[in-house]
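What follows is a set of notes on a single structure, which appears directly below.
Since every read-out is calculated from the coordinates, none of them should be taken as a lab result. Predicted model, so just to flag it, every value in this text is computed and none were measured. Reconstructed Cβ throughout: ideal geometry from the backbone, glycine too, with neighbour counts over all protein chains shown.
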Amino acid sequence: MADMIEQIANLMRLTQNAVVVTGAGISTEAGIPDFRGDKGIYRQLGEDRVMRIINIDFFKAHPDQFYSFYRQYFKFPEVEPSPAHKILARLEEQGMIKGVVTQNIDNLHQQAGSRNVIAVHGNAEEFICMNSHCQKIYDHEYFADNTETVPHCSACGAVIKPNVVLFGENINNYIGARQLILDARLLIVIGSSLTVYPLAGFVNEFCTLAKDLVIINKGPTQLDYAARYKLDVGVGSTGEILEEIYRKLQR
C-alpha cells in the first residue's frame, strides 16, 4: 500500500487538476450512520418503505406523515468533520484539488473548510420554502424550534421541506457536477461503491476519457476495473490514508 500511496501523491503533484468524489464512507468515520449499512434504516425498515416515504410525491401528499418519519429516523448525531474531511479542505486550500462532488447531505465538507463543494443531494442542515416565488432558506435551528407538525415558512406561510433531494427530484447542480468531474485530469473517489446514479454515471463517463481514476473505499466498487489505483480501507481509515498522501505531498 505504501508504494501505491506514493504513486497517488505523485499523480496529484504532477496533474495539479484533481477532483474528489465522496460518498457515505468518508462520513461514517465521523460518526454519521450509513443508511445502506448493516444498521442503516434501509436494512432496518426495508428499502421499499423508506424510498416510498422519502419521495417528493409522498411529501406533497402527506407532509405530516413525512415529517413524523423524518423526525424519527433522519436525526443526524452532532459530530465534527473527520480527519479525512479536514485534509481534503487543506488540499483544496493548497491548490492540490479543485473541488469536491459529494453524495452526502451532512454538510461536513463545508464545516471542515472546503469551499468548492457540490452537494448533489442537498444539505440536511437547511430547509427550503416550497413556494417557488419565495424559496426562503431556513437553518436547522428553525426546524428544531418549530412546534408545528408540518413546519411552515414564516415569510409566506407555505410548507417548508428539508433542503435535500428526495426520490423523484433531480439532483442539485447536475451540469456543474458533471463538468467538474469531466474537466478533471485525476479523479479520486472516496467512500463510495459507485452504485447511485447519476453521479456514478459521471464517474463512468470520466473513465472513457483515458484519464486517471483513483478509488479509496472499504470493499469493491462498480468501477474497480477502471481504476489506476484502488486502495481498500481495511483495518485503518480513510483519514489515515489521506494523511499519508498529504505528508508525501509536503516533501
statement: What helix-only [θ] at 222 nm does the chain give? Using -39500 (n - 2.57) per DSSP H run of at least 4, over all residues, to the nearest 500, the answer is -11000 deg cm²/dmol
statement: Exposure-ranked with fewest Cβ neighbours within 10 Å first, Arg251, Arg52, Arg178 stand as Arg251, Arg52, Arg178
field: Highest-MSF residue in the chain out of Cys153, Cys134, Cys207 [GNM, Cα springs under 10 Å]
entry: Cys134
query: Where the only charges are on Cβ atoms (+1 Lys, Arg; -1 Asp, Glu), what is the dipole of the chain about its Cα centre, to the nearest 20 debye?
result: 500 debye
- prompt: What's the exposure ranking of Ser27, Ser132, going from fewest to most Cβ atoms within 10 Å?
  reply: Ser132, Ser27
query: Which lysines does Lys218 reach when only Cα atoms under 30 Å apart count, and residues fewer than 8 places away in its own chain are ignored?
result: Lys39, Lys75, Lys86, Lys98, Lys230, Lys248
task: Mind jotting down the three principal axis lengths of the chain based on Cα atoms? Whole angstrom, largest first.
output: 56, 35, 33
